[in-house]
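Below: the structure, in structure tokens.
The values are calculated or read from the model by the stated rules, or taken from the named source; none is laboratory data. Not measured: the values here are computed from a predicted model. A quick note on method: Cβ atoms are made from the backbone with ideal geometry, for glycine too, and the neighbour counts reach across all protein chains shown. These area figures cover heavy atoms from the full protein model, side chains too; ligands, DNA and RNA do not enter into them. Shrake-Rupley method; radii C 1.70, N 1.55, O 1.52, S 1.80 Å.
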Number of protein chains: 2
Amino acid sequence: MTSPPHSVQYPMLSEFDLIKRYFAQHSVTDPRIALGIGDDCALVNPTPGMQLAISTDMLVSGRHFFPDADAFMLGHKCLAVNLSDLAAMGAAPMAFTLALSLPEANPDWLEKFSQGLLALADAHQCSLIGGDTTKGPLNICITVFGELPPGSALRRDAAQVGDDIWVSGALGDARLALAGYWKEIHLEPAAHQQAAQRMHQPTPRIALGLALRGVANAALDISDGLIGDLGHILERSKVGASLQLDSLPAGLVLSQQALELRRKFTLAGGDDYELCFTAPVAHRAKVIAAGSASATPVTRVGCIEQAPGLRLLDDFGQPVQLQLSSFDHFSTP
Amino acid sequence: MTSPPHSVQYPMLSEFDLIKRYFAQHSVTDPRIALGIGDDCALVNPTPGMQLAISTDMLVSGRHFFPDADAFMLGHKCLAVNLSDLAAMGAAPMAFTLALSLPEANPDWLEKFSQGLLALADAHQCSLIGGDTTKGPLNICITVFGELPPGSALRRDAAQVGDDIWVSGALGDARLALAGYWKEIHLEPAAHQQAAQRMHQPTPRIALGLALRGVANAALDISDGLIGDLGHILERSKVGASLQLDSLPAGLVLSQQALELRRKFTLAGGDDYELCFTAPVAHRAKVIAAGSASATPVTRVGCIEQAPGLRLLDDFGQPVQLQLSSFDHFSTP
């Protein structure tokens, strides 16, 4: 259609074109999404009687990922860390928004980033319903929405004295990969690559989180290291705990390293995105069944106790003293 | 409470302390918010039968605000631009999440920023339910949630041929203030300060948006300039429009400037955060009543037409040719 001669001309390449070109999601159609990208707001009809779970995470270049990070894997990771928060509550993914600050609209980067992002979104039937793009230092902020029945959320404040403590999957390989990049240790290239896979493309434990509804008491996802994150459960549940230090499941690559490094990186690694959860002793068989049903390894690593604080025990039940701290964005340079 | 001798020590000042200290909201309690800040996800019980409206906006230092912007006003503005999106759909604010990338945890800045943010949140009974903080270049990403009855949203694609076009409040003072900062024009300090108030502390037109449910057909908020934003309504509604150029309501300071500047900044300013909406001619009295009820000026500025494109007319109905473009983040250096 041609414009009349006195019409105003709009710019040809725009933020809207960028969204349409790279972030249109063709394989997910959800009747709950009444209106997606393109208006002032998205419109969502929540499932009647269900509760919404909402989480937001911001990833900054040079802080959460290397400035030259592979764009496909970065797209995956940005959504994965958000889905991991839904998993930790036992919520089923529904939708997400994406806000993106980019130094430039690089078509190659955008193509790969959006492919990595949308592949994971599609796998979890999670609709991209809105967003914002702007020029600026690379920064990716995703807000994710899930649903769950009221009263079924796996909260941090629900651990009970006597509960077993469990972790999903394996810990420490992401931190090991980082140690390799930082030259803290030497890793063979193949081993480094294998560990790096866990760092760059974490698996959100959605299926396990859903299977743990009604089975686990408390849960969270391990993003800043097990001891720091377990500390949040202890603080909010007003309990203590002991961990069987050498029963912690080390990642495939980390498990080939010396004892000291295994202990350090399983306890205080970071970027694991595994679930740490507590469940009554009477639910051990149900926890194992939940692991099987979701094809996710689960390992019992300790127990919740009345005495405050976190005790680390060796295989003989003897206390182990370690100098460790969890990752914190404002106390870490 | 003292820790047992073999306990792990957690860092004393953390991201969690930061959130607790500055972003605890004491004056809003909403029974729909089942769980707020502090877990993997917030939990929300939507009002049965209501639809959710969701929007996200990212504000970047040096792009959307000056690096030395007053922190109180910046806190206000970040939430205001998001609430403005809810207003444009006719949704009532409920809650929001905040993701914040900060170069440092400066207590003075955080105190003022959070005060500005929470003052506006309190005024709209909007609960801060979750967030993320990280170290990095200053970047503020808010995702906002509102509610509205299904079918009542003021969408961009709902303009009808014959509709009047209206705008709320007044346009162009924010752009005028920017012209002052950039030394494009000379403004007296008092006038500059008055215009800058509109730039730094826009008023989200929530009450008007609610009053326009069932009255207006299409609506959006004017953030990138009237012609560009009205263009979105025209494109999505597959219609054209004419605007009475000199009936556009100029801001108090801009109205004292020359005709050319008034036309330019009312048409293609930016940062106005006023509503542009269309309504049937038969609803003129209702629109005026909605303006009165919400104490918001409303001005009729044009009409929706079948012929595609946007025509600018002077007081004599004669076409006016202007070279203007709307602000776009990736076509603007």
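Numerical summary
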quantity	calculated
Condition check for A:Thr299: of a type outside the set (Gly, Ala, Ser), within 25 Å of A:Leu178 (Cβ to Cβ) and surrounded by fewer than 19 Cβ atoms within 10 Å (Cβ to Cβ)	yes
Boolean, A:Gly209 is surrounded by fewer than 24 Cβ atoms within 10 Å (Cβ to Cβ) and either among the basic types (Lys, Arg) or at pLDDT 95 or above (or both)	no
Subset of the stretch B:258-301 (residues that are part of a helix (DSSP H, G or I) and among the small types (Gly, Ala, Ser))	B:Ala282, B:Ala285, B:Ala289, B:Ala290, B:Gly291, B:Ser292, B:Ala293
Identity of the residue in the stretch A:25-48, of a type in the set (Gly, Ala, Ser) and either within 8 Å of chain B (Cβ to nearest Cβ) or without any contact (Cβ under 8 Å) to a residue 60 or more places away in the chain (or both), that ends up most open to solvent (accessible area, probe 1.4 Å)	A:Ala34
Those residues of the stretch B:139-162 which are over 21 Å from B:Ile206 (Cα atoms) and touching a Phe, Trp or Tyr at 6+ places or on another chain (Cβ under 9 Å), in sequence order	B:Ile140
Residue match in the stretch A:246-255 (condition: in contact with a Ser or Thr (Cβ under 6 Å, 6 or more places away or on another chain), more than 24 Å from A:Gln160 (Cβ to Cβ) and outside the structural domain of A:Trp166 (by TED's automatic domain parsing))	no
Residues within the stretch B:88-111 that are open to solvent by 10 Å² or more (accessible area, probe 1.4 Å) and within 18 Å of A:Asp40 (Cβ to Cβ), tallied	2
Residue list for the stretch A:302-316, restricted to those being in a loop (DSSP other than H, G, I, E, B) and open to solvent by less than 40 Å² (accessible area, probe 1.4 Å)	A:Gly309, A:Asp314
Any hit, the stretch A:245-262, residues being in contact with a Phe, Trp or Tyr (Cβ under 9 Å, 6 or more places away or on another chain) and either of a type in the set (Phe, Trp, Tyr) or within 11 Å of chain B (Cβ to nearest Cβ) (or both)	no
Failed item in (1) assigned to a strand (DSSP E or B); (2) open to solvent by 40 Å² or more (accessible area, probe 1.4 Å); (3) hydrophobic (A, V, I, L, M, F, W, C), with B:Ile140 passing the rest	(2)
Test: B:Gly209 is part of a loop (DSSP other than H, G, I, E, B) and not assigned by TED's automatic domain parsing to the domain that holds B:Leu86	no
Check on B:Gly225, touching a residue at least 24 places away in the same chain (Cβ under 8 Å), touching a Gly at 6+ places or on another chain (Cβ under 6 Å) and either over 28 Å from B:Ala289 (Cβ atoms) or surrounded by fewer than 24 Cβ atoms within 10 Å (Cβ to Cβ) (or both)	yes
Condition check for B:Asp224: within 14 Å of another protein chain (Cβ to nearest Cβ) and modelled with pLDDT under 95	yes
